[in-house]
Each structure stands twice: as C-alpha cells, then as structure tokens.
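Shown next, in structure tokens, is the structure this report addresses.
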Amino acid sequence: MNISNADTIKIRRITSELQKEHDRIRLKFKFLKFQNFIGLSILILSVTGIVISSYLWYEDLMSTLFLVLTVAFWNSILHELEHDLIHGLYFKKVKFIHNMMLFTVWFFRPLTLNPWIRTYWHYNHHQHSGQKIDIEERGVTNGEKWSFLRLLITPDLVLGFLLRLRRLKREIKQEKQNEKFSEKDSKKLKSTVLFGMLPFGIPLHLLFYFWIILKSLFYFALFSPANWSSSFFEISNPIIYIFVLPNIIRQFCLHLITSNMHYYGDIQEGNILQQTQVLNRWWTWPFQLFCFNFGSTHSIHHFVVNEPFYVRQMSMKKSHEVLKQEGIRFNDTTSFKNANHYWPK
Ligand SMILES: [Zn+2]
Ligand SMILES: [Zn+2]
C-alpha cells in the first residue's frame, strides 16, 4: 500500500518545521558548530564520570547502589553518542577517531551489540520501522504481547533472542520468501547472531547469570561460602557493579521506552506519521532518566535524522507543538495492551 498524498505532504511539512527549529537553535547558539569537539568532550566527560564513581566505590566512599545508578546514567549518554556516531555526526572524515569513539562507547556498554554491526540494523530500522524485518526494535521486544516473558527479556538481549528463536526464525524465513528480507540481510543476520555479542556480551551475560545464581543460593542459605566463592566474588563484583548491572538497568529503561513508543505490525512501510508516538507522561520519568529522555525526543529523530541528541533535546518544546498540531500521538497507552499496534483492535 502506498503512502497517501496527504500523508506525504504532512511528513514534508513536519520535517521542514522541525528542521527550521533546529536551524534556529544552531543560529542562536553558535558554539553548536563545533560538533566534533562537543561529541568528544561529552565522551570524555561521561567516561571520567564512570571512572571517578568506580574509584570512589572502590575506596568505600560511595555505596554500591549509588555507583550502579550513576554509571547507568553516564552510560545512557554514551548510548546517545553511539547513535549519533552511527549517523556519522562526529569525526566522519577522521575514521580513526570515529572508530575509537565507537569502541569506547561499546566498551562501557559491553552487553550491547557490536556497534559496527548495529549500524547496519539501525539503518534498516529507519527504512523498515514497525515491520517484521525491523530487527533492531524487535530485538528489544517491540511488538510482543505484554507478559512476564516480555518483562523478563526487556533488558536482556541474549535471553530475548534465545526464548523467541523459533518464532523469529519462522517469521524471517517468511519475509525472505516474500522478498522483503534480502540475501545480504540474511548473511548479516547470521554474522550478527554468531559474532555480534563477542568478545564482551556473551561472556559477561554468562558471568552475570552465574553470579546471580550463586548470590541467590547464599542469600537463601542453600550454599555456604567457600574459599573459591569468595575469590570469585572478589573478582566478579567490580565487573558486575561497574559494567553489568548499570547496563541491565539502563537497557531495561531504554528498551521499555523504545519498544513501546515505536508502533509495530499494522503500519504502512515508510510512513513516518505512524512509526512512533511521543511517550512523556510523568510515570515514564524514572525510565527517561536512564535513557536521556528517549520517549520525548526519538519521534523528532524519525523526521530529522542528522542532528545530535543534545540539539534534539533543545528543540523539544517547539517540536512537540508541531507534532501535536499535526496529529502525532502522545502517550497512547492502548498500544501497550495491543502488542504495540497502531490501530486499535
Ligand atoms: Zn537513528
Ligand atoms: Zn526509531
């Protein structure tokens, strides 16, 4: 089904209005033109924040809970930087710095997909948002019916993949037969499954499962501490508290918001008007805190792709006015009950 003329005109109008607001902000705040410098500074600031918090925790000057939450917050900024880097917004022409930045944001968010591989699926997301082949969003539970299973796999890419493997495989095969999923996509998906979570993701997930089982056994006194277990915790606790738990929390918040603000399954391919809603009710705030206000700003990104996350944030007030006026949905919770469908059942 083709996108109607009225919708095409509306998409153009919204894009141009939002772009105008971004341009106005750039004109007002001249320093925004130093985009490479700003991106690199944000990276250095976030990494410094993580290192200082880890040091304070190690010296017993910060509680474990505070460490985990602080690192989760800095990681949410690194996630936005990764997304900007994927869109080529910093050091596009200096490949070495670009790649070093990508590696750094991955190193501190090691439970995520290899960002060079994610680039492929993120472009795919922009092209096929809300379709069966939108691998990136489906990977984080977009389009699933709400259940205990969805809650469990919301923060965990590995469990989410393993527990849905058969169904996803069947659906992708069908899309291949319908010629919507190309041979190139197929090859990329295979390498994503085999190598996408290496060398960090898979070993750290396994370590986390083992750590949590052992902690629970001790907690319920089903197992008494031994020499080997205290050495295990001595080594694993810093890894879990600095690299794993903050990212589990951050991913839970981001995946909960993103998988529910994107529509799935019954929207026209390429129709940006139907791809997202703005999700910014008061109860979303604890989650937005760890995903840099994603629910409020990601819809803007679907219309204006090539702007950094902080400019999008600055344009938010006016952008929301435009989106509201043009009928983009705000806080549509019926889609939560409806496996993220756009049209009520
Ligand atoms: Zn994007
Ligand atoms: Zn999106």
**OP:** Inspect all residues belonging to region 289-309 and state whether any of them is free of Cβ contacts under 8 Å to residues at least 60 places away in the same chain, hydroxyl-bearing (Ser, Thr, Tyr) and more than 30 Å from LYS92 (Cα to Cα).
**Re:** no
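Do the conditions hold for ILE248, that is, is it surrounded by 14 or more Cβ atoms within 10 Å (Cβ to Cβ), closer than 30 Å to ASP332 by Cβ and free of Cβ contacts under 8 Å to residues at least 60 places away in the same chain? Walk me through how you get there before you give the answer.
Values: surrounded by 14 or more Cβ atoms within 10 Å (Cβ to Cβ): yes; closer than 30 Å to ASP332 by Cβ: yes; free of Cβ contacts under 8 Å to residues at least 60 places away in the same chain: no.
Criteria not met by ILE248.
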**OP:** Please specify each residue of region 99-137 satisfying the condition of being of a type in the set (Ser, Thr, Tyr) and either modelled with pLDDT under 95 or within 16 Å of ligand 1 (Cβ to nearest atom) (or both).
**Re:** THR112, THR119, TYR120, TYR123, SER129
**OP:** Please specify each residue of region 25-39 satisfying the condition of being in contact (Cβ under 8 Å) with a residue 40 or more places away in the chain and open to solvent by 40 Å² or more (accessible area, probe 1.4 Å).
**Re:** ARG26, PHE29, ASN36
Original post:
Does region 169-191 contain at least one residue that is in contact with a His (Cβ under 9 Å, 6 or more places away or on another chain), free of Cβ contacts under 8 Å to residues at least 60 places away in the same chain and not aromatic (Phe, Trp, Tyr)?
Top reply: yes
Subject >> Condition met for ILE235 (at pLDDT 95 or above, more than 21 Å from HIS125 (Cβ to Cβ) and more than 26 Å from the chain's Cα centre (by Cα)) >> reply: yes
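Only one of LEU102, LEU163, LEU81 is among the hydrophobic types (A, V, I, L, M, F, W, C) and open to solvent by 20 Å² or more (accessible area, probe 1.4 Å); which?
Values: LEU102 fails: open to solvent by 20 Å² or more (accessible area, probe 1.4 Å); LEU81 fails: open to solvent by 20 Å² or more (accessible area, probe 1.4 Å).
After applying the criteria, what remains is LEU163.
Any chance you could count how many residues in region 40-61 are among the charged types (D, E, K, R) and touching a residue at least 24 places away in the same chain (Cβ under 8 Å)?
We begin by selecting, within region 40-61, every residue among the charged types (D, E, K, R); these are 59-60.
Filter once more, keeping what is touching a residue at least 24 places away in the same chain (Cβ under 8 Å): none.
Residues meeting the conditions: 0.
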Original post:
How about region 62-150: which helices (runs of 4 or more DSSP H) wholly inside it have at least 3 residues that are within 13 Å of the chain's Cα centre (by Cα), touching a residue at least 40 places away in the same chain (Cβ under 8 Å) and away from ligand 2 (no atom under 16 Å from the Cβ)?
Top reply: 64-86
**OP:** Collect the residues in region 179-189 that are under 15 Å from ASP134 (Cα atoms) and open to solvent by 80 Å² or more (accessible area, probe 1.4 Å), keeping them in residue-number order.
**Re:** GLU179, LYS180, LYS184
Original post:
Mind checking whether some residue in region 3-20 is outside any helix (DSSP H, G or I) and in contact with a Gly (Cβ under 7 Å, 6 or more places away or on another chain)?
Top reply: yes
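For region 156-163, check the following and say yes or no: at least one residue is in a loop (DSSP other than H, G, I, E, B) and closer than 19 Å to ASN247 by Cβ.
First pass over region 156-163, keeping only residues in a loop (DSSP other than H, G, I, E, B): 156.
Okay, now just the ones that are also closer than 19 Å to ASN247 by Cβ, so 156.
Looking through region 156-163, at least one residue is in a loop (DSSP other than H, G, I, E, B) and closer than 19 Å to ASN247 by Cβ.
Taking the condition of being assigned to a loop (DSSP other than H, G, I, E, B) and either open to solvent by less than 10 Å² (accessible area, probe 1.4 Å) or in contact with a strand residue (DSSP E or B) (Cβ under 6 Å, 6 or more places away or on another chain) (or both), how many residues in region 308-327 meet it? Spell out how you get there, then give the answer.
Step one: of region 308-327, the residues assigned to a loop (DSSP other than H, G, I, E, B) are 308, 315, 326-327.
Within this subset, residues satisfying the condition of being either open to solvent by less than 10 Å² (accessible area, probe 1.4 Å) or in contact with a strand residue (DSSP E or B) (Cβ under 6 Å, 6 or more places away or on another chain) (or both) are 308, 315.
Looking only at that region, the number is 2.
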Subject >> Any hit, region 263-273, residues being modelled with pLDDT of 95 or more, within 16 Å of the chain's Cα centre (by Cα) and open to solvent by 30 Å² or more (accessible area, probe 1.4 Å) >> reply: no
**OP:** From (1) open to solvent by 50 Å² or more (accessible area, probe 1.4 Å); (2) away from ligand 1 (no atom under 16 Å from the Cβ); (3) in a helix (DSSP H, G or I), pick out the condition that doesn't hold for PRO344.
**Re:** (3)
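Need at least 1 residues that are away from ligand 2 (no atom under 14 Å from the Cβ) per element, so show me which helices (runs of 4 or more DSSP H) inside region 257-303 make the cut, counting only ones lying wholly within it. So that I can check it myself, show each step before the final result.
On the way: elements: 272-275, 285-288, 294-303.
By residue number, 285-288.
Hey, among ILE235, ILE328, which residue is β-branched (Val, Ile, Thr) and in contact with a helix residue (DSSP H, G or I) (Cβ under 8 Å, 6 or more places away or on another chain)? Spell out how you get there, then give the answer.
Numbers: ILE235 fails: in contact with a helix residue (DSSP H, G or I) (Cβ under 8 Å, 6 or more places away or on another chain).
Exactly one residue qualifies, and that residue is ILE328.
Working carefully through the options ILE267, ILE235, find the one that is within 30 Å of PRO203 (Cα to Cα) and not hydroxyl-bearing (Ser, Thr, Tyr).
ILE235
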Original post:
Does THR15 count as at pLDDT 95 or above, over 24 Å from ILE300 (Cα atoms) and either of a type in the set (Lys, Arg) or open to solvent by 20 Å² or more (accessible area, probe 1.4 Å) (or both)?
Top reply: no
Subject >> Of the criteria (1) open to solvent by 10 Å² or more (accessible area, probe 1.4 Å); (2) aliphatic (A, V, I, L, M); (3) farther than 30 Å from ILE272 by Cα, which one LEU152 fails >> reply: (3)
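The values are calculated or read from the model by the stated rules, or taken from the named source; none is laboratory data. Quick caveat: nothing in here was measured; it's all calculated off a predicted structure. Don't worry about glycine lacking a Cβ; one is built from the backbone with ideal geometry, like all the others, and counts go over all protein chains shown. Only protein heavy atoms, including side chains, enter the accessible area calculation; ligands, DNA and RNA are left aside. Shrake-Rupley method; radii C 1.70, N 1.55, O 1.52, S 1.80 Å.
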